[in-house]
Amino acid sequence: MLLVSEQNCHFGVKSGDKIFVHTGAANPQILLKKVCEEIKNNKLSHIEFYHLHLEGEAYHVAPELSEQIKTHCFFVGANCRRAVIEGRANYIPIFLSEIPLAIKNGLFSFDIALIQISPLDKNGHGTLGPSVDITLAAIQHSKKVFAQINKQMPTVFGDGIISSNVIDAAIEVDEPLPLSKNDSDNCGPIFQKIGENVASLIENGSTLQLGIGAIPDATLKALQNHKHLGIHSEMISNGILDLMNSGAIDNSLKSIVPGKIVSSFAVGSKKLYEFLNEHKLVQFMTSDFVNAPSIIQKNPKVCAINSAIEIDLTGQVCADSIGTQIFSGVGGQVDFMRGAALSKGGKAIMAITSQTTKGKSKIVPMLSAGAGVVTTRAHVHYVVTEFGVANLHGKNLMERSKALAAIAHPADREKLMSNFKSL
């Protein structure tokens, strides 16, 4: 590994190169900025970037670089959403569980991987911190690897231990990771009620999968009195901290990596990253393992708690687009909904507010024109709003429609009920 200064680093990027960027909070922002400057200054062309969602700055999707760079997102974060809408970036719909295998099979290959790692230990090893996911596979199938060694990157155990021998060049930095607020501290009574309704479905000894946001955090907050909960989730966030401290999460009944939290990546607060640093009861593993339904189903009472943009009266879930406009991605929703359904005592749960912030019902007679079905009507077992729980599993279309209308906002129920006759 060649250690170079931040001021004098040069990456030898060539026109036509394909570049992978480390995921989420591990986004190597200084490296990314430097590479984009090199591309711009050297007037390079036909550069392609690949990544999952990125926290922090996304310098490569700047409008002024649109003639030189094309970006491919496996999941669209807020900082790339406008670029996708405007055609400066593309969205690749693919299950999170499948991406590492696709990389290993040569469907995606990279000339350069830009990564961020924790400080090296005495043996010359760092870690990928809170983002192992698809990044390990990308490193293993990149011609060159450039690293940002960050003093503030947590050392995290699991699959993401990286030897300096695989790194071609590195710079040393000292910058905080991008932070996400604790949504449960600010969620109102609607989210609290949804959290309580979801928690009512979760038994002691369950294994949980949750995402990020007010609903997952409110759900975790409502589980304070539960016992022997486990975590096997594609991602973890701030909400797990209080439950770990209270003892509600002890991972004692899990079948897969018992006694430890298993995740693929984390996004959250500084407190979360400090908690993860050298925490031996947390394992970050690759997404082809964490998200594999065949692995997920082996845990007991898996409760997969996911969300949606809209759900139609038959139970079809749109979770990645608003009409034709891509908003996020497939991610691991289907992986976990299926894994939970196959788990003994498992529950596949969709949790949503009954209406958008603009007062539009999220339960609709039919999905918006152009909206994509991420999770099929057959995958969904439970739908939860602030008005209750609808169990759709094994129900016919009419029964599903009545159950969903009953948990819609009262102002929308009559209109929804008028659509029963068309099913």
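The values are calculated or read from the model by the stated rules, or taken from the named source; none is laboratory data. Quantities reported herein were computed from a predicted structural model and do not represent experimental measurements. Neighbour counts run over all protein chains shown; Cβ positions are idealised from the backbone, glycine included.
Return the residue satisfying two criteria in turn: it lies in the range 16-41 and is in contact (Cβ under 8 Å) with a residue 24 or more places away in the chain, out of contact with any helix residue (DSSP H, G or I) (no Cβ under 6 Å at 6 or more places or on another chain) and charged (D, E, K, R), and of such residues it is nearest to N238 (Cα to Cα).
Only one residue fits best here, namely K34.
How many residues does the range 406-423 hold that are closer than 13 Å to M366 by Cα and modelled with pLDDT of 90 or more?
Selection size over the range 406-423: 2.
Is the range 44-52 home to any residue that is more than 21 Å from S142 (Cβ to Cβ) and not polar (S, T, N, Q)? Spell out the reasoning first.
In the first step, residues of the range 44-52 are kept if they are more than 21 Å from S142 (Cβ to Cβ); the result is none.
Among the residues of the range 44-52, not one is more than 21 Å from S142 (Cβ to Cβ) and not polar (S, T, N, Q), which makes the answer no.
Any residue in the range 226-248 that is in a helix (DSSP H, G or I), in contact (Cβ under 8 Å) with a residue 40 or more places away in the chain and closer than 30 Å to A137 by Cα?
First pass over the range 226-248, keeping only residues in a helix (DSSP H, G or I): 240-246.
This time we only want the ones that are in contact (Cβ under 8 Å) with a residue 40 or more places away in the chain, so: none.
No, that holds for no residue.
Can you tell me how many residues within the range 100-127 are in a helix (DSSP H, G or I) and within 25 Å of C36 (Cα to Cα)? Give the derivation first.
We begin by selecting, within the range 100-127, every residue in a helix (DSSP H, G or I); these are 100-104.
Then drop every residue that is not within 25 Å of C36 (Cα to Cα), which leaves 103.
Residues meeting the conditions: 1.
Looking at (1) within 28 Å of G230 (Cα to Cα); (2) touching a residue at least 24 places away in the same chain (Cβ under 8 Å); (3) surrounded by 17 or more Cβ atoms within 10 Å (Cβ to Cβ), find the lone condition where G345 falls short.
(3)
For I240, which of the numbered conditions (1) of a type in the set (A, V, I, L, M, F, W, C); (2) farther than 15 Å from T207 by Cα; (3) surrounded by 24 or more Cβ atoms within 10 Å (Cβ to Cβ); (4) at pLDDT below 95 fails to hold?
I240 satisfies all of (1) of a type in the set (A, V, I, L, M, F, W, C); (2) farther than 15 Å from T207 by Cα; (3) surrounded by 24 or more Cβ atoms within 10 Å (Cβ to Cβ); (4) at pLDDT below 95 except (2).
Of the residues I139, I202, only one is out of contact with any Cys (no Cβ under 8 Å at 6 or more places or on another chain) and either in a helix (DSSP H, G or I) or surrounded by fewer than 23 Cβ atoms within 10 Å (Cβ to Cβ) (or both); which? Please lay out each step first, then the result.
Values: I202 fails: out of contact with any Cys (no Cβ under 8 Å at 6 or more places or on another chain).
Checking each option against the conditions leaves just I139.
I167 - would you say it is touching a residue at least 60 places away in the same chain (Cβ under 8 Å) and not assigned by TED's automatic domain parsing to the domain that holds I326? So that I can check it myself, show each step before the final result.
Details: touching a residue at least 60 places away in the same chain (Cβ under 8 Å): yes; not assigned by TED's automatic domain parsing to the domain that holds I326: yes.
For I167, the condition - touching a residue at least 60 places away in the same chain (Cβ under 8 Å) and not assigned by TED's automatic domain parsing to the domain that holds I326 - is met.
Assuming E67 fulfils every condition listed in (1) acidic (D, E); (2) in a loop (DSSP other than H, G, I, E, B); (3) in contact (Cβ under 8 Å) with a residue 40 or more places away in the chain apart from one, which condition is it?
Failed condition: (3).
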